[in-house]
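Below is one structure, written out as structure tokens, with a few remarks after it.
The values are calculated or read from the model by the stated rules, or taken from the named source; none is laboratory data. Predicted model only: the values in this text are computed from it and were never measured. In this analysis, Cβ positions are derived from the backbone assuming ideal geometry, glycine residues included, and neighbour counts consider all displayed protein chains. Ligands, DNA and RNA are stripped out before the accessible areas are found, and what is left, the full protein with its side chains, is counted by its heavy atoms. Shrake-Rupley method; radii C 1.70, N 1.55, O 1.52, S 1.80 Å.
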Amino acid sequence: MALLGRLLPLALALALGPAATPAGPARSPYQLVLQHSRLRGRQHGPNVCAVQKLIGTNKKYFTNCKQWYQRKICGKSTVISYECCPGYEKVPGEKGCPAALPLSNLYETLGVVGATTTQLYTDRTEKLRPEMEGPGSFTIFAPSNEAWSSLPAEVLDSLVSNVNIELLNALRYHMVDRRVLTDELKHGMALTSMYQNSNIQIHHYPNGIVTVNCARLLKADHHATNGVVHLIDKVISTVTNNIQQIIEIEDTFETLRAAVAASGLNTLLEGDGQYTLLAPTNEAFEKIPAETLNRILGDPEALRDLLNNHILKSAMCAEAIVAGLSLETLEGTTLEVGCSGDMLTINGKPIISNKDVLATNGVIHFIDELLIPDSAKTLFELAADSDVSTAIDLFRQAGLGSHLSGNERLTLLAPMNSVFKDGTPPINARTKNLLLNHMIKDQLASKYLYHGQTLDTLGGKKLRVFVYRNSLCIENSCIAAHDKRGRYGTLFTMDRVLTPPMGTVMDVLKGDNRFSMLVAAIQSAGLTETLNREGVYTVFAPTNEAFQALPRGELNKLMGNAKELANILKYHVGDEILVSGGIGALVRLKSLQGDKLEISSKNNVVTVNKEPVAEVDIMATNGVVHAISSVLQPPANRPQERGDELADSALEIFKQASAFSRATQTSVKLAPVYQRLLERMKH
């Protein structure tokens, strides 16, 4: 066993490779995906890596486990191919890639890794080839052949027409005068290039992708006698302007330029850091209604929130996005950044018109649609993206629209559209007053609501908050979706129309003819005062039909026995408020009688002690009333349970008698009735 304990770590290390040993340094994300590709390719021989290739292109990716099983890059299908891992080559007649690539100088290594165009242009300059073949230690980020061929013709012509200045400088900008391997390429770092000490920006993403000035690292860590070669997918150029300077010089950012100046964000955008600016073009601003745009531009806080919602907290190059990502903005919201083929998407929309405009402090992507955060919206604008349009129309028709578009601090309790599937109420004074009671006189957040809290409405009512295990309710209506917090108002999407309480439980019962017999019973039992005073009650109220369903003799006997009547009625009253939205699979609610009621909800049907509830959530100031079509019987009144209770008593007497008999060494004779009960229990 001890030997196994020593061998197991060694076997694991051999299976995963040297970098995986516990004593070794933490591997970078790039090294992790490379290791995963190596594991996927090992059945084809040593040093074989599995890569995903986009169908119809030459784009290849080392991928992580999740992408391996999805077999998609940016929503496009991939095929798996197997090739030698970086640094290895095939041997005729041998399986896999058993041989390490020959170690030669930097210039010759360019040819070995397939960067023959970079090698050709290096040869054309007078100074660079001797330097690459000579002593020293260098790193070159070598553009692939496809990278050079994809350059605009005029750019390539300007380079090759002046090889000893323009081309030489361009190639030197791809070089660093020391050896830099991928484990040193940290996210957000800058390397000093060999062209005028200009910076090269490095980003190393969690998915294993490494970018160099937003060019993707294709194959890395090809060692040479005098350095290392990394193959990249673009020809990179020097970066001199910060984000603010790019905004200043781009004609398409005229409106953005004015907005940034008004908000004071220019200091951030010209300072240190690494940000991604999703920069709205003039066209993006023009798509917004003039009234909305002018309101935001004239409100410093809303404007700052708007612009911060377009700034990601870190630099995100397009090449790093191979699937959907949730990225946080400076405003605190989360944007879904993804891709579809060659197009980047924001929240599922292909609104990025120009990508990877590099700045010294980040990267800019041009977008053609404004990303307005909730914090800059009115209640009307919040509702436009929610499932509450029917309710909003009612508020507008009732003449309450000014509350939803102004600077009044309030919380709107808006029932979702499905609540009105059977139609909407007519607009009259009663409906308007009901809608006013769906507006709370403060801008709230549901996470700060607590059980028993009272909220004042514009209609003059006080509403109670009920917190249950899986729901948060205001009176009979429960919150059905996450808050939407706007500039001045917050939107709560509710699961039903809210009904404010209209008097005590006794007032509710007296005001409904269905409960006249219950009211009489309550009065006979002396419980009127209890149900009129302040409290928190849940009343399962039997209708007249429920009482009339009792046998006549039993009903008369019950009504003539005030004590028994009070006992049964108290069993219908819970000692806390339980609205239907707070009922889960099963809730056991203690009654005033002492026994517990079992309430459950399934398929929108509420039951109490397995009896269906005819109507739920008739709200009162001191509780809630649920109408039921039967009279509930306390456990002690149920025949089976009375027998069980008697049997329990007999068993207890038997235990005590046995104990007494053992202690006194005498025999105890039980009464015949208990003897019979004990005999029956044995069977």
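Things to note:
- Verdict on Ile427 being within 29 Å of the chain's Cα centre (by Cα) and either more than 18 Å from Thr621 (Cα to Cα) or open to solvent by less than 30 Å² (accessible area, probe 1.4 Å) (or both): no
- Filter result for Asn282 (over 20 Å from Met189 (Cβ atoms) and not assigned by the TED database to the domain that holds Asn347): no
- Within the range 452-465, residues that are in a strand (DSSP E or B) have Cβ atoms under 8 Å from residues that are open to solvent by 30 Å² or more (accessible area, probe 1.4 Å) and of a type in the set (Val, Ile, Thr) in these pairs: Lys462/Thr454; Leu463/Thr454; Arg464/Thr454; Val465/Thr454, counting only partners at least 6 apart in sequence or on another chain.
- Being closer than 11 Å to Thr538 by Cβ, under 36 Å from the mean Cα position of the chain (by Cα) and either modelled with pLDDT under 95 or polar (S, T, N, Q) (or both) holds for only one residue in Ser591, Ser580, and it is Ser580.
- Answer residue from the range 99-127, given it is in a loop (DSSP other than H, G, I, E, B) and closer than 25 Å to Asn162 by Cα and is farthest from the chain's Cα centre (by Cα) among those: Glu126
- Enumeration of residues in the range 233-263 that are in a helix (DSSP H, G or I), among the small types (Gly, Ala, Ser) and surrounded by fewer than 19 Cβ atoms within 10 Å (Cβ to Cβ): Ala258, Ala261, Ala262
- Annotation note: of Val608, Val587, Val579, Val573, the sole residue that is touching a residue at least 60 places away in the same chain (Cβ under 8 Å) and either among the basic types (Lys, Arg) or under 18 Å from Pro635 (Cα atoms) (or both) is Val608.
- Residue within the range 430-437 that is open to solvent by 80 Å² or more (accessible area, probe 1.4 Å) and more than 26 Å from the chain's Cα centre (by Cα) present: yes
- Residues that are open to solvent by 30 Å² or more (accessible area, probe 1.4 Å) and assigned to a strand (DSSP E or B) were ranked within the range 581-599; the one that is nearest to Gly503 (Cα to Cα) is Lys590.
- The residues of the range 528-543 that are open to solvent by less than 20 Å² (accessible area, probe 1.4 Å), of a type outside the set (Phe, Trp, Tyr) and out of contact with any Asp or Glu (no Cβ under 7 Å at 6 or more places or on another chain), listed by number, are Leu531, Val539, Ala541, Pro542, Thr543.
- Qualifying residue in the range 303-315 (condition: open to solvent by 30 Å² or more (accessible area, probe 1.4 Å) and either among the aliphatic types (A, V, I, L, M) or in contact with a Pro (Cβ under 6 Å, 6 or more places away or on another chain) (or both)): yes
- Positions within the range 50-85 being part of a loop (DSSP other than H, G, I, E, B) and either open to solvent by 20 Å² or more (accessible area, probe 1.4 Å) or of a type in the set (A, V, I, L, M, F, W, C) (or both), in sequence order: Ile55, Gly56, Thr57, Asn58, Lys59, Phe62, Asn64, Arg71, Cys74, Gly75, Cys85
- Set side by side, the residues Arg469, Arg430 differ, and just one is in a loop (DSSP other than H, G, I, E, B), of a type in the set (Lys, Arg) and not assigned by the TED database to the domain that holds Glu331, which is Arg469.
- Subset of the range 298-316 [outside any helix (DSSP H, G or I) and not acidic (Asp, Glu)]: Gly298, Asn309, His310, Ile311, Leu312, Lys313, Ser314, Ala315, Met316
- Set Ala546, Ala481, Ala521: member being touching a helix residue (DSSP H, G or I) at 6+ places or on another chain (Cβ under 7 Å), outside the structural domain of Thr334 (by the TED database) and either touching a residue at least 12 places away in the same chain (Cβ under 8 Å) or open to solvent by 20 Å² or more (accessible area, probe 1.4 Å) (or both): Ala521
- Contacts under 6 angstrom Cβ, first residue in the range 158-169 being over 16 Å from Arg129 (Cβ atoms), partner of a type outside the set (Ser, Thr, Tyr) and open to solvent by less than 60 Å² (accessible area, probe 1.4 Å), 6 or more apart: Leu159/Leu167; Leu159/Ala170; Glu166/Leu159
- Restricted to the range 166-224, the set of strands (runs of 3 or more DSSP E) holding at least 3 residues that are under 32 Å from the mean Cα position of the chain (by Cα) and at pLDDT 95 or above comprises 199-204, 210-212, 215-224.
- Filtered residue count, the range 86-96, keeping only those that are open to solvent by less than 60 Å² (accessible area, probe 1.4 Å) and either touching a Cys at 6+ places or on another chain (Cβ under 7 Å) or under 20 Å from Thr211 (Cβ atoms) (or both): 1
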